[in-house]
Amino acid sequence: MELNSDACFRAVRARDRRFDGRFFVAITSTRIYCRPICPARPAKRENMRFYTSAAAAEGAGFRPCLRCRPERAPGLASVDAVSRLVGAAIAGIEEHALSSARVGELAASLGVSDRHLRRVTESELGVSPIELAQTQRLLLAKRLLGDTRLSQTEIAFASGFGSVRRFNALFKSRYGLSPRALRGSASAAEGLHCQLEFRPPLAWRSLLDYLRLRATPGVEIADETHYRRTVSIDDAQGWIAVSLGKKSNALNVELSPSLAPVVGAVIARVKRLFDLGASPDAVSTLLLQDSTLAPVVRRIPGLRVAGSFDGFELAVRAVLGQQVSVKGATTLAGRWAQVFGVPIATPYPELNRLTPTAQRMASVTADEIAALGIIGARAKCLALLARAILDRKIALTFAPNVEEQIEALMSLPGIGPWTAQYIAMRALNWPDAFPSGDLMLIRAANTTQRQLEKRSQAWRPWRSYATHYLWQSLGT
């Protein structure tokens with residue numbers, strides 16, 4: 001992907017937050033690369049080089065700035081990548097898909113050959129998947145060194161390194177420093193904490209309200225300031241608490257110490273759940289051109305599309321929500337979690353269940369599901385959904401082809417366009433999803449479904465955001 005160097009230079013001079021995370025600027029005189037918003041005095045224009053990713057900058061021999069901390073830069077929305085395949089690969093690597101797996105295994109999960117995956121990532125990002133993974137591990141380690149009191153051994157393995165020796169060697173060769181030199185101050189908070197930055201504005205209260213109404217009892221809780229939930233990734237189990245930072249454009253994330261081995265995967269999922277890769281300026285610029293949307297866009301700047309922490313959990317919730325109220329779906333989701341979820345002890349009495357996995361539910365019959373008070377057709381749909389995920393016929397994480405996943409979802413009895421689009425919007429984080437058959441959308445737009453579908457073409461590629469703004473216009 002080519003960058004316009006003049007536009008990048010202007011963004012750096014202005015410290016424009018809209019471009020934070022979209023590119024990185026490297027300084028040839030210091031061999032350091034920074035975010036566009038770095039507080040340091042800008043270098044001379046002739047000493048600047050611009051890169052689309054931190055991995056590309058490090059591959060060119062630059063090391064990360066200690067002031068602006070590139071590891072904290074917001075991510076990219078899925079439409080920012082020229083190739084959806086590259087976006088899916090990045091998401092997979094963020095969840096440590098290459099910590100123990102090979103490039104071929106990641107490629108297979110994305111439905112391509114390892115040779116094709118290498119060719120595409122090198123063409124778009126200028127680095128191979130392995131180099132991308134190495135940078136991700138190093139930047140995660142750098143974040144944990146500065147923000148936590150974890151030991152260097154814990155950080156090495158949590159960041160995806162196979163050994164402490166490899167961790168120290170790569171750190172030294174890439175950054176010219178030992179990990180100890182980047183240890184945070186003694187003021188680092190007790191426990192396991194990190195900050196996840198975003199491009200402002202962020203309609204935090206609206207996002208919390210949306211999640212609070214749809215929180216699965218036993219698994220999630222949300223109030224006026226925090227979102228909390230239980231977590232199970234690989235063999236690690238625990239809980240997280242997310243709140244809005246007071247001094248910067250960042251979310252504070254607290255994790256139970258038991259989640260240290262999977263902290264990278266947790267961070268990646270929290271970013272998707274809270275849509276931290278969003279570009280609110282691009283969304284508002286487009287949607288303000290619509291007379292119906294403009295008033296609510298001005299009233300609620302920075303509205304995000306809530307994603308999901310667990311794709312299967314979200315898909316189940318979407319099926320349970322068919323033709324029932326939000327409150328009714330929440331009640332059913334709570335029964336689902338209590339009966340099929342694994343018990344867990346947390347500091348919060350309301351959080352006592354781990355969300356049921358597709359692997360667990362694939363062995364449960366439709367009759368057992370129906371016993372929860374779920375009608376037979378939906379119970380059968382949920383059983384088939386679990387099996388389809390286990391058989392890799394459906395991917396509800398980093399799917400390279402969203403349209404294929406939508407078609408695969410609709411091939412299951414009981415999942416129609418509305419449900420498939422809703423799942424694509426939240427589980428697949430697809431910003432152009434649009435459940436045009438939603439009665440609340442039709443009511444908000446004061447039109448017919450056919451006219452709404454036609455009108456929505458002007459909102460592309462941000463139709464998911466338009467959907468949420470239309471819902472907000474009705475107070476839902």
Residue span Ser151 to Val324: 0.36 nm per residue of separation minus Cα-Cα distance leaves a gain in nm of 57.4 nm
Using a 1.4 Å probe on heavy atoms of the protein chains only, the accessible area for Arg18 in Å², nearest 10, reads 120 Å²
Compactness check, the chain: C-alpha Rg relative to the 2.2 N^0.38 Å globular estimate gives 0.97
Helix 129-147 sits off the longest principal axis of the Cα atoms of the chain, rounded to the nearest 10 on a 0 to 90 degree scale, by 80 degrees
Summing +1 per Lys or Arg and -1 per Asp or Glu among the other residues with Cβ less than 15 Å from Leu351's Cβ gives -2
Rounded to the nearest 500, the 222 nm mean residue ellipticity computed for the chain from DSSP H runs (n ≥ 4, each -39500 (n - 2.57)) alone is -13000 deg cm²/dmol
Sorted largest first, the Cα spans of region 1-133 on the principal axes come out in Å as 45, 25, 22
In Å, the Kirkwood estimate of hydrodynamic radius for region 384-445 over Cα pairs equals 12.0 Å
If R0 = 56 Å, then Ala181 and Ile442, at their Cβ-Cβ distance, give a FRET efficiency to the nearest 0.05 of 0.40
For the chain, longest principal axis from Cα atoms; helix 5-14 axis from its Cα atoms; angle between them, nearest 10 degrees, is 90 degrees
On the formula 1/(1 + (r/R0)^6), with r taken between the Cβ atoms of Val339 and Ala377 and R0 of 25 Å, the FRET efficiency rounded to 0.05 is 0.85
Yeah, region 1-77 with a ≥ b ≥ c from its alpha-carbon gyration tensor (a/c under 1.5 is rounded, else prolate when a/b outruns b/c, oblate otherwise) is rounded
So Val164 and Ser291, fully extended at 0.36 nm per residue minus their Cα-Cα distance, gain in nm 40.0 nm
A chain fully extended from Ser173 to Ala458 at 0.36 nm per residue, minus the present Cα-Cα distance, gains in nm 97.7 nm
Rounded to a whole number, the Stokes-Einstein D of region 334-393 in µm²/s (Kirkwood radius over Cα pairs; 20 °C; 1.002 mPa s) is 176 µm²/s
Over its alpha-carbon atoms, region 134-188 yields an Rg and a Dmax in Å of 10.0, 29
Per its Cα gyration tensor (rounded if a/c is under 1.5, else prolate when a/b beats b/c, else oblate), region 222-381 is best filed as oblate
Per its Cα gyration tensor (rounded if a/c is under 1.5, else prolate when a/b beats b/c, else oblate), region 85-211 is best filed as oblate
Inverse of <1/r> over all distinct C-alpha pairs of region 366-476, i.e. the Kirkwood Rh in Å, gives 15.1 Å
A correct Karplus calculation of ³J(HN,Hα) over region 23-32, with 6.51 cos²θ - 1.76 cosθ + 1.60, θ = phi - 60°, whole Hz and x for Gly and Pro, returns 7, 10, 10, 10, 10, 5, 6, 10, 6, 10
Here the alpha-carbon Rg of region 201-316 over 2.2 N^0.38 Å rounds to 1.15
Between the residues Ser363, Ala73, Val270, the Cα farthest towards the positive end of the dipole of the chain, that dipole coming from +1 and -1 charges on the beta-carbon of Lys, Arg, Asp and Glu, is from Ala73
Scanning the chain, every Cys lacking a C-beta partner under 4.7 angstrom -> Cys8, Cys194, Cys381
Counting all Cα-Cα pairs in region 307-452, those more than 27 Å apart amount in percent to 22 percent
Taking only the alpha-carbon atoms of region 89-134, the convex hull volume per residue, in cubic angstrom, is 58 Å³
With region 118-165 reduced to its Cα atoms and the Debye formula applied, log10 I(q)/I(0) at q = 0.16, 0.18, 0.20, 0.24 1/Å amounts to -0.50, -0.58, -0.65, -0.79
With a Förster distance of 56 angstrom and the Cβ-Cβ distance between Arg450 and Glu254, calculated FRET efficiency to the nearest 0.05 equals 0.75
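The values are calculated or read from the model by the stated rules, or taken from the named source; none is laboratory data. Just so it is clear, the structure is predicted and the values come from calculations on it, not from any experiment. Here the Cβ is made from the backbone with ideal geometry for all residues, glycine too, and neighbour counts use every protein chain on show. To get the accessible areas, we keep the full protein, side chains included, count just its heavy atoms, and leave off ligands, DNA and RNA. Shrake-Rupley method; radii C 1.70, N 1.55, O 1.52, S 1.80 Å.
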